[in-house]
Protein chains: 2
Amino acid sequence: MRRLIRESAEERFISAITAMLPRSLRQINGVHEADAELIEWSGGTLAVTTDTLAEEIHSGLYRDPAFIGWMLAIANLSDLAAVGAEPLGLLTAMTLREDSGPEFVRGLASGIADACIRCGTFLLGGDMNFGEHLSLTGTALGAVPSGMHLTRIGCRPGDRLYVSHPAGGGNAFAFTLISSASGRSELVFKPVARIAEGIALRGIATACMDTSDGLLLTLDTLSRLNECRFGLTADWNRCVHPAALDLCRAMNVPAWAALAGIHGDYDLCFTVRASDEQSLLDTARRAGWSPIPIGEVTAGQGISIVEDGRETKLDTHTLRELSSAASRDPRSYVRDLLGFVHRTGAGNTVGREG
Amino acid sequence: MRRLIRESAEERFISAITAMLPRSLRQINGVHEADAELIEWSGGTLAVTTDTLAEEIHSGLYRDPAFIGWMLAIANLSDLAAVGAEPLGLLTAMTLREDSGPEFVRGLASGIADACIRCGTFLLGGDMNFGEHLSLTGTALGAVPSGMHLTRIGCRPGDRLYVSHPAGGGNAFAFTLISSASGRSELVFKPVARIAEGIALRGIATACMDTSDGLLLTLDTLSRLNECRFGLTADWNRCVHPAALDLCRAMNVPAWAALAGIHGDYDLCFTVRASDEQSLLDTARRAGWSPIPIGEVTAGQGISIVEDGRETKLDTHTLRELSSAASRDPRSYVRDLLGFVHRTGAGNTVGREG
């Protein structure tokens, strides 16, 4: 799930395998260029993606079996949303522990079923093994009309940057869970895949990616892939999730801190040409949805926070380095991340609401 | 991969989830009815399947990274072959150990690449994580012309039973590996997915399944799904892999013993109407391939071995029970399996060749 984080090893693997193997002529996207693989077939475009839920379970972030099942489905369906695909269905490949009781199995099944129903799709089948260690992988299959798919590539300076929904809820959830002595969070985190929003963005978004890695790391990936810079001029009260805003206020840190962690929201982050902004807002309004503007694409690289006329460039290299330790040692990660926010110094702390 | 083996837990999961979730109207096959899920889309049929390589790695059967990568690809592509699909590509979801060195990663990549090239297909993409335990899941996507897919369902008494290639090589490989003090086998085992054979069987096979679980367990599954019995009247010298025959001769056990283990061959096991037998042989000859007759479908249930006019029914329930312990304790499994063969008493031991 954590794309491009452990670049060295993942890129080593991808370099090794791409050097040995031709790519399919049917494949539309290059390596890393889309959240799901895009394949031309029979006059349309298939989207297929596979994702393992590992770090969140082993680090103890996901414990309830129904929540684990839900997240397994959503993590995969969200990648379909980001390419503008409509799901055809989900498959699961699960290795359960030998001592998994019937309650765990039923919980897992109910979570997967609920997520499929919520996203209007189906469980097509799968594979089940038993072993010493829990391992859960999903695969989602979807379709897009020919030429209407979205990729991560295509934004350019002047484009406007949006998120589909307020961001930072996933990080707020992870933070409260990691910080709590009981290992429980009072925050409810139950993301959905933004299928309808992805479909609405067909033909409008110039680049699109889901925020499963957290908003700032998602922007870092988009910045590197598109060789551009994102200037964030957001109204934080609108673009940051209320629970995350509360947390930032209580901790006396700027609102963008809630976007810096690796636990994402599974919403969509996308760009549109400035000339298409009105068309986006009209399309979204008809779909009953309000995209949230957060900044614009400029020449350069990386991410800047622009507030009160002051521009602060984020050290995304360090941000990414920190995130690689997140699952190994979540408490140290939170501490290091807060240190990063304080050192950066950008942004005002969150004021009282209203 | 071990389908229907741990029935209680897997069926519990499938029952739980199917009770909660409607099935897609686009899905052609019912639960367990095909090696890959079959989805109607855009005037054709998509085939998609996912499979985790777990037990073979944890039990130490697969160690070489290139072989592991090869088997990850083949296990999935073989399921496409069994539904008559042509592959569109493969995806991999891998959790590598933190201490996996570059050689392991390169080996894995080369094995996957080699298998894709051998089967005329492509790696489309995937997901990579790092964790404490190695976990490898593949997904294969393919397509069949509408109405031409193969399933496990449809054979009836009178149909002829075939294997695509001599069987038992996988079990011979596993046996020599488990029995050797060095943990190495002198037997070369490098199965391929029988894509061309599956395509040749379109419109001819009444039921088809790959032999990834070993031939007898595959027949047991087909027997239960089709509520029929398989009478094996095979010429063992033709239908059993030469290396497996040698082993049976050396151990003084009947040749069918080589088909009883859980380590499969990834070939195809299929049935045809008696009236289509000539058409099968003609089609196969044009494809440069010789299907091997091994028996026929009769009324009843289970598997019988017919030799010298004597029919012995196999206790497939016990065979399946034994196999569930195979990965936990391979040496005991081999011992118990040989005990099962001796108790059954069917079949002559293997004579000298020629």
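The values are calculated or read from the model by the stated rules, or taken from the named source; none is laboratory data. Quick caveat, the model's predicted, so the values are computed rather than measured. Reconstructed Cβ throughout: ideal geometry from the backbone, glycine too, with neighbour counts over all protein chains shown. Please note that ligands, DNA and RNA were not included when accessible areas were found on the heavy atoms of the full protein model with its side chains. Shrake-Rupley method; radii C 1.70, N 1.55, O 1.52, S 1.80 Å.
Each principal axis of the Cα cloud of the range B:212-332 was taken in turn, and the coordinate range along them, longest first, works out to 44, 32, 29 Å.
Multiplying each eigenvalue of the alpha-carbon gyration tensor of the range A:52-129 by 5 and taking the square root yields semi-axes of 22, 14, 11 Å, largest first, rounded to whole angstroms. The range A:277-327 and the range A:199-236 have Cα centres spaced 6 Å apart. Multiplying the residue separation of A:ARG118 and A:THR349 by 0.36 nm and removing their Cα-Cα distance gives an extension gain of 79.5 nm. With its label point defined 7 Å out from Cα along the Cα-to-Cβ axis, B:GLY288 lies at 5.9 nm from the matching points of the other copies, in increasing order. In chain A, inverting the average of 1/r over every pair of distinct C-alpha atoms gives 20.7 Å as the Kirkwood radius. Across chain A, Cα pairs under 8 Å and at least six residues apart give a relative contact order of 20 percent. Between A:GLU132 and A:THR176, the FRET efficiency from the beta-carbon distance, with R0 = 41 Å, is close to 0.85.
Residues of the range B:51-68 that bury at least 50 Å² of accessible area once all protein chains are present, compared with their chain alone (1.4 Å probe, heavy atoms only, ligands and nucleic acids left out), are B:THR52. Summary value for the range A:263-354: 18 percent relative contact order, contacts being C-alpha pairs under 8 angstrom separated by 6+ residues.
Using a 7 Å projection from Cα along Cα-to-Cβ, the label point at B:ARG184 is separated from the same position in the remaining copies by 5.6 nm, smallest value first. In the context of the full set of protein chains, the range A:278-354 has a per residue accessible area of 57 Å² (1.4 Å probe). Rolling a 1.4 Å probe over the protein heavy atoms of the range A:222-351, with every protein chain left in place, gives an accessible area that is 47 percent carbon and sulfur. Per-peptide packing, taken as the mean over residues of other Cβ atoms within 10 Å, places B:133-146, A:101-114, B:332-345 in the sequence B:133-146, A:101-114, B:332-345 from highest down.
Chains B and A together bury some 5800 Å² of accessible area, summed over both sides, with a 1.4 Å probe.
Normalised by residue number, the volume inside the convex hull of the Cα atoms of the range B:92-250 is 165 Å³ per residue. Computed as a quarter of the hull surface, the mean projected area of the alpha carbon convex hull for the protein assembly as shown stands at 31.0 nm². Take the Cβ atoms of B:LEU338 and B:ARG23, set R0 to 45 Å, and the FRET efficiency comes out at 0.60. Over the range B:71-116, the reciprocal of the mean inverse Cα-Cα separation, the Kirkwood hydrodynamic radius, stands at 11.9 Å. Per residue, the accessible area of the range B:43-184 comes to 28 Å², computed with a 1.4 Å probe over protein heavy atoms only.
Plainly put, the tip 7 Å out from Cα toward Cβ on B:GLU227 is 6.6 nm from that tip on each other copy, the closest given first.
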